[in-house]
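Q: Right, I'll just put the structure down here and ask away after.
The values are calculated or read from the model by the stated rules, or taken from the named source; none is laboratory data. Everything numeric here is computed off the predicted structure, so don't read it as measured data. So basically every Cβ, Gly included, is an ideal-geometry build from the backbone, and we count neighbours across all protein chains shown.
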Amino acid sequence: MFCKTCGKEVNQNAEFCLNCGVNPQTGNAYCYNCGVNTNPEQVVCVACGVNLEKNVSRNADSNDAKAFCKGCGSKVNEKAEICTSCGINPLNGHNYCQNCGATTTAEQEVCTSCGVRVSGKARNRESSKYTTSDSSYKSYSEYYQNEFSAIERSNEEYQGKFNWLAFLFTPIWLLTKGMWQLALIVFVIYFFPLVGVLVALIFCFLIGRKANYLYYRKEKYGEQLPKDWSIFFDFINQK
């Protein structure tokens, strides 16, 4: 398919032309089917005969349409709610484009490989366990409702208050929150010869600083362990 504004070839599912930045189905300067020049008065392309007033039908409604998991990049059915490779909702994540599988970042709005919007803001299908509404956390205590909402509203710039329970009773707190892998690491460190107790105490303190953020990421993305361990040494995103 071709962009009707600038004539560049684009992906059929693209919401933006990577050459001119507009929706490829808006405009009247080029035929979307063959890419030849047209004029605003034309109804039919004289080169290929298609109706110029008709938008391109997308193939996303096919029962076996393929997409990519935004978390791990594996191919999934377009209607799949769980990726069988990583176990999360294929639209919960920001590592890969759901249309072409190219690598993306959390800050990207549009895939630079195919032009499809990768931000969840414009995709009604993209839904995590939560929304940005405070009431979406009503199954949690008021403390975690406030913390999760604040983290989400800040786009994870804010990473939670210091959690004293998580610091004082780290292994128990982690186990009750379903983060058994991190709890196991604490136990292993504790039994290191000579310095184990001291190192475990420091590690528990660092976990206490980021406990609410770790719990948020675990509940929203299913992360057992931090994706980026450097968060423990980030003393800026802490209020």
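Q: Could you please tell me which pairs satisfy a Cβ distance under 9 Å, a separation of 6+ or placement on different chains, a first residue in segment 4-30 that is part of a strand (DSSP E or B), and a second residue that is β-branched (V, I, T) and surrounded by 17 or more Cβ atoms within 10 Å (Cβ to Cβ)?
A: The qualifying pairs are Y30/T5; Y30/T38.
Q: Using the structure shown, decide if T105 is over 22 Å from E219 (Cβ atoms), of a type outside the set (D, E, K, R) and in a loop (DSSP other than H, G, I, E, B). Working first, answer last.
A: Values: over 22 Å from E219 (Cβ atoms): yes; of a type outside the set (D, E, K, R): yes; in a loop (DSSP other than H, G, I, E, B): yes.
Criteria met by T105.
Q: Part of a loop (DSSP other than H, G, I, E, B), on the phi < 0 side of the Ramachandran plot, in contact with a Leu (Cβ under 9 Å, 6 or more places away or on another chain) and among the aliphatic types (A, V, I, L, M) - does that describe any residue in segment 159-174?
A: No.
Q: With respect to I202, determine if the residue is in a helix (DSSP H, G or I), in contact (Cβ under 8 Å) with a residue 40 or more places away in the chain and β-branched (V, I, T).
A: On the way: in a helix (DSSP H, G or I): yes; in contact (Cβ under 8 Å) with a residue 40 or more places away in the chain: no; β-branched (V, I, T): yes.
No, not satisfied.
Q: Still on this structure, I have one more. So, in segment 139-164, of the ones that are in contact (Cβ under 8 Å) with a residue 40 or more places away in the chain and more than 21 Å from the chain's Cα centre (by Cα), which residue ends up surrounded by the fewest Cβ atoms within 10 Å (Cβ to Cβ)?
A: W164
Q: Within segment 151-176, can you find the residues that are under 22 Å from G222 (Cβ atoms) and modelled with pLDDT of 90 or more?
A: Within segment 151-176, N163, A166, T170, P171, I172, W173, L174, L175, T176 meet the criteria.
Q: Sticking with this structure for a sec: If E9 meets every condition in (1) closer than 24 Å to Q108 by Cβ; (2) modelled with pLDDT under 75 apart from one, which number is that one?
A: All conditions are met except number (2).
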